[in-house]
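Peer 1: Could you have a look at this structure, given as structure tokens, before my questions?
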Amino acid sequence: MAYMRGDLYVWRDDEERLHIWSRDAAEDMSEIAGFADAPKAGGVSLSAAESDALALMLVAELVRSGGLGAAVERTLHAYSGNFGSGALEELGGKLVAACTSLAVRA
């Protein structure tokens, strides 16, 4: 189940781990077997609990900064049709409305 595809590839596997892989990572990986054709590629794998915690912290920061609406729009524009985008299309407006009132009270 891929959330993002392309030079940045994000997917959740059957073991409920979230994997994030980038073709343009910061480290030079050309000396590692299998990375000669993509020397700057790199990635990380997070447990479901870790990725959920990260997602919630990032959403909270977006709410606090007032950037949630713009982030929803950017995400739907860039990643529509990927796993998870249907939920965001269905609930994005409601999330933004609910969180906007939270941000105003904070």
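The values are calculated or read from the model by the stated rules, or taken from the named source; none is laboratory data. Computed from a predicted structure; not experimentally measured. Cβ placement follows ideal geometry from the backbone for every residue including glycine, while neighbour counts extend to all protein chains displayed.
Peer 1: Is it the case, given these coordinates, that residue 80 is at pLDDT below 95, more than 20 Å from residue 19 (Cα to Cα) and surrounded by fewer than 13 Cβ atoms within 10 Å (Cβ to Cβ)?
Peer 2: Against the criterion (at pLDDT below 95, more than 20 Å from residue 19 (Cα to Cα) and surrounded by fewer than 13 Cβ atoms within 10 Å (Cβ to Cβ)), residue 80 does not qualify.
Peer 1: With (1) assigned to a helix (DSSP H, G or I); (2) surrounded by fewer than 16 Cβ atoms within 10 Å (Cβ to Cβ) as the list, and residue 96 as the residue in question, which single condition is left unmet?
Peer 2: (2) is the only condition that residue 96 fails.
Peer 1: Out of the residues in the range 1-21 meeting the condition of being closer than 19 Å to residue 88 by Cα and in a loop (DSSP other than H, G, I, E, B), tell me which one is modelled with the lowest pLDDT.
Peer 2: Checking each candidate, the answer is 1.
Peer 1: Exactly one of these conditions fails for residue 24: (1) within 24 Å of residue 1 (Cα to Cα); (2) surrounded by fewer than 14 Cβ atoms within 10 Å (Cβ to Cβ); (3) modelled with pLDDT of 90 or more. Give me its number.
Peer 2: (3)
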